[in-house]
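Step one of this worksheet: look at the structure below.
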Amino acid sequence: MMIKLYTDAASVAIHPKMKQQPSGAGILVVQNGHQYPFKQKVTAVDNHEAEFQAAIIGFQTAKTMATSDETVMFFTDSRLVADAVGKGVTKHYPVLTDELLALQDSFALVVTQWVPDHQNMGAHRLALQALHQQGQA
């Protein structure tokens, strides 16, 4: 069996001196021909951190849906996240990288693929929806 996992984040910098900014995470899981969309509000220092959070939430979600022998095709439009997973380390987000890699270890195989923005529109739209819900209860 295989799961396709698409993640993306959307952030808005409100003021340069703010330490945190509202962001949205979009996750699209495709399993057995069915699409499962998820979106969540997150708070991050910058969009890169939000991208890591989206990937972590995505793998947490996939973990609840998968069996232990499942293969995951992971698609992200964040070069930083894709490179961190490929190298197993990143300079600026080591804690988030470690958390993401630990989640990936739950699966038999994870294949990470960087994709351009236009190939990640499902997750992107979900991230924008979550971001726009920031001010709503």
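Taking the range 3-35 only, how many residues are at pLDDT 90 or above and either in a helix (DSSP H, G or I) or surrounded by 14 or more Cβ atoms within 10 Å (Cβ to Cβ) (or both)? So that I can check it myself, show each step before the final result.
Step one: of the range 3-35, the residues at pLDDT 90 or above are 3-10, 23-35.
Those still in the list that are either in a helix (DSSP H, G or I) or surrounded by 14 or more Cβ atoms within 10 Å (Cβ to Cβ) (or both) too: 3-10, 23-31.
Qualifying residue count, the range 3-35: 17.
Just a yes or no: is a residue in the range 37-56 among the hydroxyl-bearing types (Ser, Thr, Tyr) and modelled with pLDDT of 90 or more? Can you show your working first?
Filtering the range 37-56 down to residues among the hydroxyl-bearing types (Ser, Thr, Tyr) leaves 43.
Of the ones still in play, those that are also modelled with pLDDT of 90 or more are none.
No, that holds for no residue.
Can you find, within the range 41-93, the residue that is nearest to Gly122 (Cα to Cα) among those that are hydrophobic (A, V, I, L, M, F, W, C) and touching a His at 6+ places or on another chain (Cβ under 9 Å)?
If we filter the range 41-93 for residues that are hydrophobic (A, V, I, L, M, F, W, C), which is where we start, we get 42, 44-45, 50, 52, 54-57, 59, 62, 65-66, 72-75, 80-82, 84-85, 89.
Adding the requirement that they be touching a His at 6+ places or on another chain (Cβ under 9 Å) leaves 80-81.
Numbers: Leu80: 20, Val81: 18 Å.
Among those residues, the one meeting the criterion is Val81.
(1) under 12 Å from the mean Cα position of the chain (by Cα); (2) more than 21 Å from Ala10 (Cβ to Cβ); (3) not small (Gly, Ala, Ser): which one isn't true of Leu96, the others all being true?
(2)
What number of residues in the range 103-137 are part of a helix (DSSP H, G or I), within 25 Å of Pro22 (Cβ to Cβ) and either touching a Ser or Thr at 6+ places or on another chain (Cβ under 9 Å) or not basic (Lys, Arg) (or both)? Quick ask: steps written out before the conclusion?
Filtering the range 103-137 for residues part of a helix (DSSP H, G or I) gives 103-104, 117-119, 121-132.
Narrowing further to those that are within 25 Å of Pro22 (Cβ to Cβ): 103, 117-118, 121-132.
Filter once more, so that each one left must be either touching a Ser or Thr at 6+ places or on another chain (Cβ under 9 Å) or not basic (Lys, Arg) (or both): 103, 117-118, 121-124, 126-132.
Count: 14.
Which ones in the range 50-77 are out of contact with any Ser or Thr (no Cβ under 8 Å at 6 or more places or on another chain) and either assigned to a helix (DSSP H, G or I) or under 17 Å from Ser11 (Cα atoms) (or both)?
Selection gives Ile56, Gln60, Thr61, Ala62, Thr64, Met65, Asp77.
Give the residues of the range 81-102 that are part of a helix (DSSP H, G or I) and crowded, with 19+ Cβ neighbours inside 10 Å, sorted by residue number. If you could, list the steps in order and put the result at the bottom.
Residues of the range 81-102 that are part of a helix (DSSP H, G or I), as a first pass: 81-87, 94-102.
Correct list: Val81, Ala82, Ala84, Val85, Leu96, Thr97, Leu100.
Any idea which residue in the range 99-137 is modelled with the highest pLDDT, counting only those that are among the small types (Gly, Ala, Ser) and more than 20 Å from Lys41 (Cα to Cα)? If you could, list the steps in order and put the result at the bottom.
Applying the first criterion (among the small types (Gly, Ala, Ser)) to the range 99-137 yields 102, 106, 108, 122-123, 127, 130, 135, 137.
Restricting the remaining residues to those that are more than 20 Å from Lys41 (Cα to Cα) gives 102, 106, 108.
Numbers: Ala102: 96, Ser106: 91, Ala108: 92.
The selected residue is Ala102.
Inside the range 36-74, can you point out the residues that are over 17 Å from Leu101 (Cβ atoms), surrounded by fewer than 23 Cβ atoms within 10 Å (Cβ to Cβ) and hydrophobic (A, V, I, L, M, F, W, C)?
Phe38, Ala44, Val45, Met65
Could you check, for the range 73-83, whether at least one of its residues is of a type outside the set (Gly, Ala, Ser) and more than 14 Å from the chain's Cα centre (by Cα)? Full working, then the answer.
Keep residues of the range 73-83 that are of a type outside the set (Gly, Ala, Ser), which gives 73-77, 79-81, 83.
Filter once more, so that each one left must be more than 14 Å from the chain's Cα centre (by Cα): none.
No.
The values are calculated or read from the model by the stated rules, or taken from the named source; none is laboratory data. Source: prediction; values computed, not measured. Methodologically, a virtual Cβ is constructed for each residue, glycine included, from the backbone with ideal geometry; neighbour enumeration extends over all protein chains shown.
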